[in-house]
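Step one of this worksheet: look at the structure below.
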């Protein structure tokens, strides 16, 4: 019995030493090739998409959403980035791009770019985000990243003010689009213009 215990202890020491060696080797390999295994796990939660990529924030989307664990992946996400993974796509430079969705009245796409080892380069909401409840207000949010990595995002709105009885006032009707343009640079930086308002005819 005593021999068995000694033998078990010896094997236990061998196993612990082997595991320590494996862990040391794994960490060394991780440092040598620049791979962050948590970042790899994070990016694996995003479906691969191809450009052009369009997105309508108030409509159901075809890609499968995956919830991201803010506790595990907090260093890759901003505090307001939301918890829905949407997609990644082939970049035009030495970086990784992902789109995460923030939950509001409509889903808000947040574009984030990272170095290959998980350091954030840039992050921007690529939406107008004007949709919300009102007396007589309709909207349609839209975003597209084109094959040349140019970006267009808009919100087409029809709106009428309401009286004290919450009835729409016909003479106050407005129909317009709010939009921004931009591009995704080979460095991973995201350029977006200021919001522009364009009145539309019926």
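Summary table
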quantity	calculated
Residue check for residue 88: more than 25 Å from residue 194 (Cβ to Cβ) and in contact (Cβ under 8 Å) with a residue 40 or more places away in the chain	yes
Filtered residues of the range 179-202 (kept if buried (at least 17 other Cβ atoms within 10 Å of the Cβ) and more than 22 Å from the chain's Cα centre (by Cα))	none
Identity of the residue in the range 106-128, in contact (Cβ under 8 Å) with a residue 40 or more places away in the chain and either outside the structural domain of residue 186 (by TED's automatic domain parsing) or outside any strand (DSSP E or B) (or both), that ends up surrounded by the most Cβ atoms within 10 Å (Cβ to Cβ)	127
Residue check for residue 147: out of contact with any strand residue (DSSP E or B) (no Cβ under 6 Å at 6 or more places or on another chain), assigned by TED's automatic domain parsing to the domain that holds residue 64, surrounded by fewer than 14 Cβ atoms within 10 Å (Cβ to Cβ) and in contact (Cβ under 8 Å) with a residue 60 or more places away in the chain	yes
Options 135, 139: the member that is more than 30 Å from residue 92 (Cα to Cα) and touching a residue at least 40 places away in the same chain (Cβ under 8 Å)	139
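The values are calculated or read from the model by the stated rules, or taken from the named source; none is laboratory data. The structure displayed is predicted, hence computed values, not measured ones. A quick note on method: Cβ atoms are made from the backbone with ideal geometry, for glycine too, and the neighbour counts reach across all protein chains shown.
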